[in-house]
Each structure stands twice: as C-alpha cells, then as structure tokens.
Amino acid sequence: MNRPARRFPLSLDRVTAAAASPSSAARPVVRPQRPVREAAHDAARTTRPVGQGLDSEAVRARMLDRLRAEGVDAPPVLAAMGRVPRDRFVDTAFVAQAYEDTSLPIGWEQTISKPIVVARMLALLTAGTGVRHRPIRTPLGRALEIGTGCGYQAAVLAQLASRVTSIERIGPLLDKARLNLAAVGCTDIRLVHGDGRLGHAPNAPYDSIVAAAGGESVPEAWLEQLAPGGRLVAPMHDEDADGQVLVVIDRTPDGLVRSLHDAVHFVPLKSGRL
Ligand code: SAH
C-alpha cells in the first residue's frame, strides 16, 4: 500500500494532455429544446443576478480562482465546475453562501459537499486517466456516483463522463436532485433509488466510481463493478489517521492498487434505503 503524506496541495498524478484537451474536456450543460418564449425567459434569468444579488457567473469564476489558489490543478474539473451553477442546488436560504467553501444543509440531515472537496475528489478521479490501461473517450468514461444528495456533483460529473449513474438511498432527496438537475438541463443522468453499497450492477462496469459518503471499508460490489483500467475514489475510515481519508483504488493489469490521500469528513455511508 502506498501512503503519501496527506497535505495540501495534493500531489496528484499528472492530468494527461488528452484529458486536458479542449476536445475531450468538459461538455456544456445541454438544455432540452424549449418554446422560444421560455428560452428567452431562461436566457434573461441567467444574465440577471441570481438570488440575493448574486451574479452567478462572476462568483463562480472567483470560486475557481480560490480552488486554483488552494492547489487544484485539474483543468477539466475546473472547467466542469465553472459550468455548473451551484446556487441552483442549494435552498433559497443559502444561495448567498452557494460559492463559499463550505458544506451546506440540503435536508434529511445531509449536506452538499464543499467545492474544494468536490474539486479534489474529481481531480483525483481524472488524474487516473494518465495511468489507465484502457483508453476512455472522456476524462471519466462511464461514471458511478454513490450519494446523489442534491445532485450538484452528479451535474459536474456529467460534464466529464460519457455516462453518469448516481445512487441515493433517501427517496425524497433523489426527487429533489432530479428537479435540480432538470432545472440546469442535466436530464441524461441515470438516477437510482437504492443502497449504493451494492453499486448498480445493471450499468456496470464503470471506468470511474466516486462515493460522497464514507464507511469502514470499500464495499466489495464497487470493486467488482470497476472496469479494467478504472479508478475509484471514496472517503473511508483509516485507523492510522483515526478518521476518514480519501482512498484511491485502480484496477490495473497487476490487480487492485490502493493509495491514501487527504483527511476528509463525509456523512456516513448507511445501509438500506428510505
Ligand atoms: N454528491 C452530493 C453529496 C451528498 S451527501 C453533493 O453533490 O453535494 C452524501 C449523500 O450520500 C447523502 O445524500 C446520503 O443520503 C447518501 N448516502 C449515504 N449512504 C448511502 C448509500 N448506502 N447509498 C446511497 N446513498 C447514500
């Protein structure tokens, strides 16, 4: 087991030229076809300040500057986060804080992850592209997310993957995510109501697996559903660190290769579904 020092900035694997190239980088959020009047209304909404005097695009650009300053060096991930309006995924009461580096409540005792945490997890996931043994068309290929929450990270994943499956165990939260994702035009994500510890076999294998909730160990199903050359990133309890750390697991021709990264604090990975 490889155990690098856990400090910022992370020494991420090199992001390959292919992953960083404009052609394979993040795709724009595609809005479904709408009647012209509605489309014009939408366009007006996106150019007006959102919520409490927040100019979404400018504030998002500042968020990206902060992420870069904190050592995130993954152009495809930053481009993807620059495209997704995070303010549309938080409750009205928290819109003013949508771009601050803080986690926020999303109901049912769950939280939307901090931007820096989403950025670091996805940077680790895309950094794997360079060491993978099977070429994939987009930085993340076929992706699985465990813990949809409000849908924010799923929307970012959709910019980086050829297909996204996202599982949430809390039914009403998944409904909320579906509405949030539809509102930003992300309608091609497979949302699954279920226990993510079992993964989602019907869409397996996955080139990329990312978990937004942490447990004691990596469930066997995730490893079984990880494609050859695939990479998994998940928060897991680590005895030595006496807390959660980000675990990266690569399926290489020589077997599974595991490394430990940042100390983190995610909500627990629970069993069953509500
Ligand atoms: N991806 C979200 C983060 C959500 S918080 C974002 O972008 O902000 C983590 C989520 O994991 C919670 O909604 C919680 O209900 C969910 N979760 C916890 N255990 C789970 C499990 N076994 N299967 C699926 N979802 C789970």
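With contacts taken as Cα pairs under 8 Å at a separation of at least 6 residues, the range 33-265 carries a relative contact order of 14 percent. Normalised by 2.2 N^0.38 Å, where N counts its residues, the alpha-carbon radius of gyration of the range 33-265 equals 1.00. Restricting the calculation to Cα atoms, the range 151-199 yields a radius of gyration followed by a Dmax of 10.2, 29 Å. Surface composition of the range 33-265: carbon and sulfur make up 51 percent of the accessible area, probe 1.4 Å.
Near Gly230, the amide H atoms lying under 5 Å from its own belong to Arg251; only residues 5 or more places off or on other chains count, and H is placed 1.01 Å from N.
3J(HN,Hα) along the range 227-235, derived from phi through the Karplus expression 6.51 cos²θ - 1.76 cosθ + 1.60 where θ = phi - 60°, amounts to 5, x, x, x, 10, 10, 10, 8, x Hz, with x in place of Gly and Pro. Would you pull out the residues with amide H under 5 Å of Gln225's amide H, same chain only if 5 or more places away, H placed 1.01 Å from N? Amide H to amide H, under 5 Å and 5 or more residues apart or across chains, Gln225 pairs with nothing. The residues of the range 33-265 expose on average 42 square angstrom of accessible surface per residue, using a 1.4 Å probe on protein heavy atoms.
The values are calculated or read from the model by the stated rules, or taken from the named source; none is laboratory data. None of these values were measured; they are calculated from a predicted model. The accessibility values were calculated without ligands, DNA or RNA, using every heavy atom of the protein model including side chains. Shrake-Rupley method; radii C 1.70, N 1.55, O 1.52, S 1.80 Å.
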